[in-house]
Amino acid sequence: MSDILFHREIPEDLDTVRNVNMLAFGQSTEGDIVDVIRLSCPEAISFVAVEGECVVGHILFTPVTIDGSSIAGGMGLAPMSVLPEKQQLGIGSNLVYAGLDQFRKADCPFVIVLGHPGYYPRFGFKPASQYGMSCQWTGVPDEAFMILVLKEEVLKGIQGIIRYRTEFDVGL
Ligand SMILES: CC(C)(COP(=O)(O)OP(=O)(O)OC[C@H]1O[C@@H](n2cnc3c(N)ncnc32)[C@H](O)[C@@H]1OP(=O)(O)O)[C@@H](O)C(=O)NCCC(=O)NCCS
């Protein structure tokens, strides 16, 4: 792990980011979404894990909105990928922490994730339903849609459906 560097994605990383997504997910859907969002959404933030000159992990955060609210700055975590042979080494966790560190400094009010309830609570994520927030997609198990509230005061009195950018509507 000490040989792995974590930093914001740079243009030289793009091809290998796509490759990591392809190998981790076994399909091109996630890499396609990342490529589209990179062009359409300047607020999107990618971090990479780099070993030597090779990207071994990637995470994307994109802006989300809450229906009926003008709150800005919330982010959605998706997708995240680590090369299959590099999984279970803590790379994914460090990618999550890289994003969360940045968002705490940037006064981001909250981060959401739709993912495995056995993984994300270790970073402080809780079921979004505990805050009266719900997922835009039907059929999502309650415990799989999670939120990490970074600024409680901003979310006070706010409840509703949280929406990812439309680029995600092709499905993950
Ligand atoms: C999910 C993923 C990014 C985690 O990366 P990683 O570097 O292996 O993660 P870490 O080493 O930090 O953490 C490993 C932990 O994650 C858990 N984990 C990994 N994938 C998981 C999954 N799909 N569901 C639940 N838990 C999972 C492991 O069980 C392990 O838990 P433990 O620490 O309690 O043993 C990686 O497994 C991956 O690329 N998977 C394929 C793509 C994917 O499913 N991405 C997530 C959805 S966007």
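The values are calculated or read from the model by the stated rules, or taken from the named source; none is laboratory data. What you see is a predicted model, and the numbers here were worked out from it, not measured in a lab. All Cβ positions, glycine included, derive from the backbone under ideal geometry; neighbour counts span all protein chains shown. Note: areas computed on protein heavy atoms with side chains; ligands, DNA, RNA excluded. Shrake-Rupley method; radii C 1.70, N 1.55, O 1.52, S 1.80 Å.
Brief remarks on what is shown
- Only one of VAL56, VAL17, VAL50 that is in contact with a Lys or Arg (Cβ under 8 Å, 6 or more places away or on another chain) and either outside any loop (DSSP other than H, G, I, E, B) or away from the ligand (no atom under 11 Å from the Cβ) (or both): VAL56
- Residue match in region 155-165 (condition: modelled with pLDDT under 95 and either outside any loop (DSSP other than H, G, I, E, B) or within 13 Å of the chain's Cα centre (by Cα) (or both)): yes
- Residue within region 126-143 that is within 14 Å of the chain's Cα centre (by Cα), among the acidic types (Asp, Glu) and more than 13 Å from ARG163 (Cα to Cα) present: no
- In region 62-114, the residues that are among the hydroxyl-bearing types (Ser, Thr, Tyr) and under 17 Å from ARG8 (Cβ atoms): THR62, SER81, TYR97
- Filter result (of a type in the set (A, V, I, L, M, F, W, C), touching a strand residue (DSSP E or B) at 6+ places or on another chain (Cβ under 7 Å) and open to solvent by 10 Å² or more (accessible area, probe 1.4 Å)) within region 1-60: ILE4, LEU5, PHE6, ALA24, PHE25, ALA44, ILE45, PHE47, VAL50
- Count of region 100-125 residues which are open to solvent by less than 50 Å² (accessible area, probe 1.4 Å) and in contact with a Ser or Thr (Cβ under 9 Å, 6 or more places away or on another chain): 1
- Taken over region 75-85, the criterion of being buried (at least 20 other Cβ atoms within 10 Å of the Cβ) and without any contact (Cβ under 8 Å) to a residue 60 or more places away in the chain is satisfied by MET75, LEU77, MET80.
- Scope region 25-43; condition touching a residue at least 60 places away in the same chain (Cβ under 8 Å) and under 15 Å from the mean Cα position of the chain (by Cα); matching residues: GLU30, ILE33, ILE37, CYS41
- Within region 148-162, the set of residues being away from the ligand (no atom under 16 Å from the Cβ) and open to solvent by less than 90 Å² (accessible area, probe 1.4 Å) comprises VAL149, LEU150, LYS151, VAL154, LEU155, GLY157, ILE158, GLY160, ILE161, ILE162.
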